[in-house]
Amino acid sequence: MSTLTESAALVTLLRTGKRPFNVYADLVEGAGSAITVLEEERDPTLFDTQPDELQATERQIAEWQDSGMRLLTILDDDYPENLRAVHDRPPLIFVAGRLTRQDERSIAVIGARRATPQGLDTTRAIAAHLAETGLTVASGLAEGVDTAAHTTALAHGGRTIAVIGTGLTRAYPPGNAALQNRIAARCAVVSQFWPDAPPTKRTFPMRNAVMSGLSLATVVVESGRASGARTQARLALAHGRPVLLHHSLLDREWARACAQLPGTHVIRTPEEIISTLERLTSAGALTA
């Protein structure tokens, strides 16, 4: 059975099935085949009499690829290993641009949309240090800290991954459309949503889960009252990934509580990110 047919079966399964997507990720990976799960989920007679359905989906996948969007499923060898290791991994992701082996050494740098000047300066220092050290900077393409993290990594010749809360054919905020295109041209933009999916309140926490899953650790620079950075810190700890809080956050009650949790570390300088991760890994190898 071709990889393309398996991908088409998975897309069909996700569009027509009634289970949560992460359940299908487990079922498909366990069976080693999306077609097997699709046949089990549906009336075999009905499935056998609809050969055009998979063919139509195959054509759509080819159209996505022709427009620069690569579909990676949980069955593909190129599906990111860091993401594969977390419990709530999505069964598929779309990628504009190209993921590389270096991106297995990604660090998420996130924070407030309405960042302070000090927060932006801190973000730039962190992103520059990570880029110069050969680590990939992951962030969410939001205004404020995210934008500073992406643009600084690019300016220093480093790699950056934008993990977005919309489909790849959309940009949010719209003002970052040009930045999204720059990242896709030089690095990678990743989405777990159908290409034309709009932004919703539900998609952004899901985006944070994927960003955490792709990254070896999450660095939180600043955080507003309802910031997605707080959500991602919680998700990262649930993934077993370190959370590094900038010390300026400790005037916030939530950050002081988070700092007491196993897996959370407080940093003051960009260099402490690397030294902390090296202490947590064997032989200094930064791997998930």
## Note on the structure
If we take the stretch 209-283, then helices (runs of 4 or more DSSP H) inside it with 2 or more residues that are more than 19 Å from Arg105 (Cα to Cα) and in contact with a helix residue (DSSP H, G or I) (Cβ under 6 Å, 6 or more places away or on another chain) are 228-238, 253-259
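Does the stretch 55-76 hold any residues that are in contact with an Asp or Glu (Cβ under 8 Å, 6 or more places away or on another chain) and either free of Cβ contacts under 8 Å to residues at least 40 places away in the same chain or small (Gly, Ala, Ser) (or both), and which are they?
The one that is in contact with an Asp or Glu (Cβ under 8 Å, 6 or more places away or on another chain) and either free of Cβ contacts under 8 Å to residues at least 40 places away in the same chain or small (Gly, Ala, Ser) (or both): Leu72.
Quick one: which of Ala188, Ala184, Ala177 is touching a residue at least 40 places away in the same chain (Cβ under 8 Å) and either closer than 16 Å to Ile107 by Cα or out of contact with any strand residue (DSSP E or B) (no Cβ under 9 Å at 6 or more places or on another chain) (or both)?
Working: Ala184 fails: either closer than 16 Å to Ile107 by Cα or out of contact with any strand residue (DSSP E or B) (no Cβ under 9 Å at 6 or more places or on another chain) (or both); Ala177 fails: touching a residue at least 40 places away in the same chain (Cβ under 8 Å).
Just one listed residue meets the conditions, Ala188.
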### Query
Just checking, which of Gln102, Gln118 is surrounded by fewer than 16 Cβ atoms within 10 Å (Cβ to Cβ) and under 20 Å from Ala233 (Cβ atoms)?
Gln118
### Task
Tally the residues that are in contact with a Gly (Cβ under 8 Å, 6 or more places away or on another chain) and either assigned to a helix (DSSP H, G or I) or under 20 Å from Thr231 (Cβ atoms) (or both), restricting the search to the stretch 129-148.
10
### Task
Kindly provide the set of residues from the stretch 105-115 that are farther than 15 Å from Arg268 by Cα and surrounded by 20 or more Cβ atoms within 10 Å (Cβ to Cβ), ordered by number.
Arg105, Ser106, Ile107, Ala108, Ile110, Gly111, Ala112, Ala115
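Read-outs throughout are calculated quantities, based only on the coordinates presented, and are distinct from any laboratory measurement. Here the structure is a predicted model, which is why all the values come from computation and not from measurement. Glycine gets a Cβ as well: all are built from the backbone with ideal geometry, and neighbour counts include every protein chain shown.
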